[in-house]
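I have placed the structure first, in the form of structure tokens, so that the comments after it can refer back to it.
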Amino acid sequence: MITKKNIESFIEKIPPSPKILNETLSLLNIGELVKAAKIAEQDLALKSYLKSIVNKPIYGFKNEVSDIGQIFGILGVSLAQQSVYNYMVTLLSPNKWALFKLNSTLFYELQANLSKRWEAILIHLNINDSNAYAAITLLPASIIVTEALFAQKKEEVALLRATKALDYNTILMRLCGMGLFDICEEIAKKWEMDNSVSAIVQAASGVKPSEDEEINTLGKWMHLLLFYKLSQPEFIKAGLNDFVDFQIEYVSDIYDDFASFMEIK
């Protein structure tokens, strides 16, 4: 149904980050928010995306924010960088979703909510690392990958899920030996992201823990965050609630802290 060659072909089609995005990210990496905003202004699609994200209710602004310099100033270096990576992920998204019941608005909503929650988690953990911030951007990428690979095989995928109760990641692993988080790692390499980004995402799978204690802790929090968000009604309706198998034993040591932090009753 799906071969590793199909996946490699998909990854190969992923465009490298355009020059404007590269320059923007480079300036953000050294904390040059004003210069980064001036470069970002040249990409109208990026500008439109940033406006749509920062003006969502989760950011809490009463009046619309439209100036890129102001947006970057509000977000700060790490969140601005994360938002640019989020935009790069949207360049992979389909014009029309076939497998998941998503559209651009709902997908952007997911990105914005994951970003803000992840920022709060990193603050809670006293971690100020741009690579850790960037790692969350690859989780929505895994949703796009699943959509692209399975959209033309919906009946077969539905049959596998119905008869064996398998999540999408397990189906992909069984069919081609490469999982969603492996693909996210390949995307990270394509975009020349730091190796720690891939390590955090792999740890978030729940099946590939890291020997690095801090990375493994981040992976556990990310694993729980993914399930927390995808269990919300709008994403259950979209078909995302059975995205990856929940590894309860993997996260048992931090679950109470996570639940308390997220105010889960």
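The values are calculated or read from the model by the stated rules, or taken from the named source; none is laboratory data. Computed from a predicted structure; not experimentally measured. Using ideal geometry, Cβ is built from the backbone for each residue, glycine included, and neighbour counts are taken over all protein chains shown. Protein only, heavy atoms only, side chains kept; ligands, DNA and RNA dropped before computing areas. Shrake-Rupley method; radii C 1.70, N 1.55, O 1.52, S 1.80 Å.
Which value, in Å² and to the nearest 10, is the accessible area of residue 245 when all protein chains are kept and the probe is 1.4 Å?
80 Å²
Place the peptides 84-97, 48-61, 135-148 in order of packing, highest mean first, counting for every residue the other Cβ atoms within 10 Å and averaging per peptide.
Averaged packing, sorted descending, gives the order 135-148, 84-97, 48-61.
In the neighborhood of residue 210, defined by Cβ-to-Cβ distances under 13 Å, what is the net charge if each Lys or Arg adds +1 and each Asp or Glu adds -1?
Numbers: positive: 208, 220; negative: 185, 211, 212, 213, 214.
Every neighbour counted, the sum reads -3.
Test of understanding: what is the full-extension gain from residue 120 to residue 105, defined as 0.36 nm times their sequence separation minus their Cα-Cα distance? Working shown, then result.
On the way: separation 15, 0.36 × 15 = 5.40 nm, distance 2.27 nm.
My answer for the length gained is 3.1 nm.
How far is it, in nm, from the label point at residue 246 to the one at residue 12 when both lie 7 Å from their Cα along the line to the Cβ?
4.0 nm
How high is the relative contact order of the chain? Use alpha-carbon pairs under 8 Å, at least six apart in sequence, and give a whole percent.
About 18 percent, as a whole number.
Which stretch or stretches of segment 68-94 have amide N atoms under 14 Å from the point lying 7 Å from residue 151's Cα along the Cα→Cβ direction?
Flagged as within label range: 90-94.
If you average the sequence gap of Cα pairs under 8 Å that are 6 or more apart and divide by the length of segment 19-90, what percent do you get for the contact order?
On the way: 62 pairs, mean separation 26.5, N = 72.
With pairs under 8 Å counted, the relative contact order is 37 percent.
Using the beta-carbon distance between residue 195 and residue 163 and R0 = 41 Å, what value does 1/(1 + (r/R0)^6) give for FRET efficiency, to the nearest 0.05?
Computed FRET efficiency for residue 195 and residue 163 comes out at 0.60.
Give the Kirkwood hydrodynamic radius (Å, one decimal) of the chain, defined as one over the mean of 1/r across all pairs of different Cα atoms.
Here the Kirkwood hydrodynamic radius works out to 18.9 Å.
Order 118, 191 by their accessible area, 1.4 angstrom probe, all chains in place, largest first.
Solvent-accessible surface, decreasing: 191, 118.
Could you list, bin by bin from short to long, the percent of Cα-Cα pairs of segment 19-90 in 5 Å steps?
3, 18, 34, 27, 13, 4, 0
Run the simple label-point estimate for residue 129 and residue 253 please: 7 Å along Cα→C-beta, distance reported in nm.
1.6 nm
Please work out, to two decimal places, the log10 of the ratio I(q)/I(0) at q = 0.24 Å⁻¹ from a Debye calculation in which every Cα of segment 77-151 carries one identical scatterer.
Normalising to I(0) and taking log10 leaves -1.04.
How much length would be gained if the chain were fully extended between residue 67 and residue 228, taking 0.36 nm per residue of separation minus their Cα-Cα distance, in nm to one decimal?
My answer for the length gained is 54.7 nm.
Label-point separation (nm) for residue 211 and residue 44, each offset 7 Å from Cα along Cα-to-Cβ?
Roughly 5.2 nm, to one decimal.
If the limit is 24 Å between Cα atoms, which of 5/47; 51/96; 5/229; 51/189 go over it? Write down the numbers at each step before the final one.
Working: 5/47 35 Å; 51/96 22 Å; 5/229 32 Å; 51/189 28 Å.
Check vs 24 Å cut-off fails for 5/47; 5/229; 51/189.
Put 62, 47, 101 in order of accessible area, largest first, 1.4 Å probe: what do you get?
From most accessible down to least: 62, 101, 47.
Keeping every protein chain in place, order 173, 262 by accessible area at 1.4 Å, biggest value first, i.e. largest first. Show your work: numbers first, answer last.
Numbers: 173 80, 262 10 Å².
The residues order as 173, 262, largest area first.
When ligands, DNA and RNA are left out and all protein chains stay put, how many square angstrom of accessible area per residue does segment 19-90 have with a 1.4 Å probe?
Accessible area per residue: 46 Å².
Less than 17 Å apart at the alpha-carbon level, and either on another chain or at least 8 residues along: which aspartates and glutamates does that give for residue 35?
Within reach: 23, 43, 67.
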